[in-house]
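Single-structure report; data block below.
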Amino acid sequence: MSLWTRFLGPNVYPEAPDGGWGWAVAAAFFLVEAFTYGTIKIFGIFLQDLMEEFGETNSRVSWVVSICVFVMTFSGPLSAGMTNRFGFQLVVMTGGLLIATGTIATSFTSSINQMYITYGVIAGFGYCLTFLPTVTILSQYFTRRRSLVIAVASTGESLSMCALAPAFSALRDVIGWRRTMAVIGGLQTIIILCGALLRPIVIIKPGATDGSSSKQMEDLRTSEDATGANLDDSTVNKTSRAQNSVVAALNGVQALQGTDSSSSEEKTLLGEEARTSAETTTGSETKQKGSDAAEKRATSPAGQKPPPRNSKLLDFSVLGECSFILYSLFGLFATLGFFAPPLYVIELSVSRGVERDTATYMLSAMAVAEIAGRLSIGWILTRERFRQKKLLVLLVCVVGMTADLLGFTQASEFYGLAACCGFFGFFMGSISCSHIPMLAEDDVVGIERMSSAAGVYVFIQSFAGLGGPPLGGVLVDATQNYGSAFYSCAAGMGLGALFLALVRPAKKGVLCRSRKSKQPEGNHEKNGDSECSA
């Protein structure tokens, strides 16, 4: 077995470990958050320097970030498809290389138009290839602690705003914005190392038997070539069925549950971890029987039949589920409410009589409150009484943010605005660290389809990400009132709350035509998929 497979290959568990190597994946996600979303949010420290050096307007320079965010979210389905084909590690490492290359190249640009390519397109696509795969595999390592772990790990974004923004601002004053940008690009190479830590997870129930058809076995061999999993040839020749189980793990979670028919040769391939989870297996007497029954016995960690692996890069089949469509509409409209406070709160505060130097503390209040919101929502969603009500908890946060956005339009002095910023940061942290992992819940699409669903979800969000800032700017220019941008964001967030409230009824078939899905007995929640009526 190659060194890559031994030290960075798939981890084998009898069930999702809620720990183990998952803690290393959580640390990797923390760093990915800090050097992706965190660096995007602190790009504003270069705004004045770029305007002066290139002689451009505020809006022209701001389009650099808008294009970056649009490319990052618009390319979500492609990121999900590449992950399904090539595995988490290769995709994230490639993304880290693109981010570092694009950021360093930005330090050599001679115009804003060039920056649209280097930072907006190249780095933006790299951001897409790193964030989604990392949060997806982290969700697979944890079940009971999932919400809390993701909440804590996602604080990398907020801590980046608190710590890296002042540090890079001071560094810029000493060595200039170009060299500072190059330093940031160099630090972003850490993402490449984080990608290597994203070891795939394969779950083999005690007494498991491989269950792949001939066609699936051929597909998995192709996947092995793509991900570079070089298993020992002599072992592969003797244990082809067990080989395919491990290779399948390189592209995601695959639970194999069957009769007690694993042979000693299969145990040899799976190694020490697999041996402990398959001690109940017996000799070769039932070997042929287990092979014939394999297709019927293959199940996922949730007890559902895993979807067959395919070679499609883009998978929009989740759009056939009404619950997912409604959840995506929630994400689309809610995203409109994420932009106005960070962009306009300082100017809004100045227009309400607050000194500009004092107004800058509004962003610090948002960042600190955002960390509190992320930790709080993670703790709440792990409580037993809320574990089956996660969508309801998210809905309460969305409604709270809607009210807070309206509060910005009524606040007229420092303390009122500071309170609104604190509540906004709290709700922003709660929503931003839970709305994508929420796709793994059975009330939306479930863990088995999360990778493809997350890609399509952020793809739909991308249009609000691109159009949100210009829409707020148009309203401000038309009314000469910064508060008007907050009204538009409150309206978008309110519509998002409406669609979110309809997700669970749609999943239960109340709003849409129900389609029964074939699920084995023992599935903890027998909900059929719902699809929109024609």
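Structure above, values below:
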quantity	calculated
Test: residue in segment 111-120 that is in contact with a Phe, Trp or Tyr (Cβ under 7 Å, 6 or more places away or on another chain) and in contact (Cβ under 8 Å) with a residue 60 or more places away in the chain	yes
Qualifying position, being closer than 20 Å to residue 505 by Cβ and in contact (Cβ under 8 Å) with a residue 40 or more places away in the chain, among 425, 446	446
Test: residue in segment 472-487 that is within 25 Å of the chain's Cα centre (by Cα) and either at pLDDT below 85 or of a type outside the set (Asp, Glu) (or both)	no
Extreme residue, farthest from the chain's Cα centre (by Cα), among residues of segment 331-352 that are modelled with pLDDT under 80 and open to solvent by 50 Å² or more (accessible area, probe 1.4 Å)	347
Residue check, residue 52 modelled with pLDDT under 85, over 20 Å from residue 366 (Cβ atoms) and among the acidic types (Asp, Glu)	no
Positions within segment 488-515 being at pLDDT below 85, open to solvent by 60 Å² or more (accessible area, probe 1.4 Å) and out of contact with any Gly (no Cβ under 8 Å at 6 or more places or on another chain), in sequence order	508, 510, 511, 513
Segment 457-487: number of residues that are in contact with a Gly (Cβ under 9 Å, 6 or more places away or on another chain) and closer than 11 Å to residue 334 by Cα	3
Spans of helices (runs of 4 or more DSSP H) in segment 115-163 with at least 3 residues crowded, with 24+ Cβ neighbours inside 10 Å	124-141, 146-153
Helices (runs of 4 or more DSSP H) enclosed by segment 1-105 - at least 1 residues per element that are surrounded by fewer than 19 Cβ atoms within 10 Å (Cβ to Cβ) and among the acidic types (Asp, Glu)	47-54
Any hit, segment 62-85, residues being among the basic types (Lys, Arg) and closer than 30 Å to residue 109 by Cβ	no
Within segment 457-509, tally of residues that are in contact with a strand residue (DSSP E or B) (Cβ under 6 Å, 6 or more places away or on another chain) and of a type in the set (A, V, I, L, M, F, W, C)	1
Residue in segment 445-455 that is open to solvent by less than 10 Å² (accessible area, probe 1.4 Å), over 27 Å from residue 64 (Cβ atoms) and not in a helix (DSSP H, G or I) present	yes
Condition check for residue 110: assigned to a helix (DSSP H, G or I) and of a type in the set (Gly, Ala, Ser)	no
Sole residue being in contact with a Lys or Arg (Cβ under 9 Å, 6 or more places away or on another chain) and at pLDDT below 90, chosen from 112, 137	137
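The values are calculated or read from the model by the stated rules, or taken from the named source; none is laboratory data. Only a predicted model underlies this, so the values are computations on that prediction, with no experimental measurement involved. Positions of Cβ are generated from backbone atoms using ideal geometry, with glycine treated the same way; all protein chains shown enter the neighbour counts. For the accessible areas, the whole protein counts, side chains as well, though only heavy atoms, and no ligand, DNA or RNA atoms are used. Shrake-Rupley method; radii C 1.70, N 1.55, O 1.52, S 1.80 Å.
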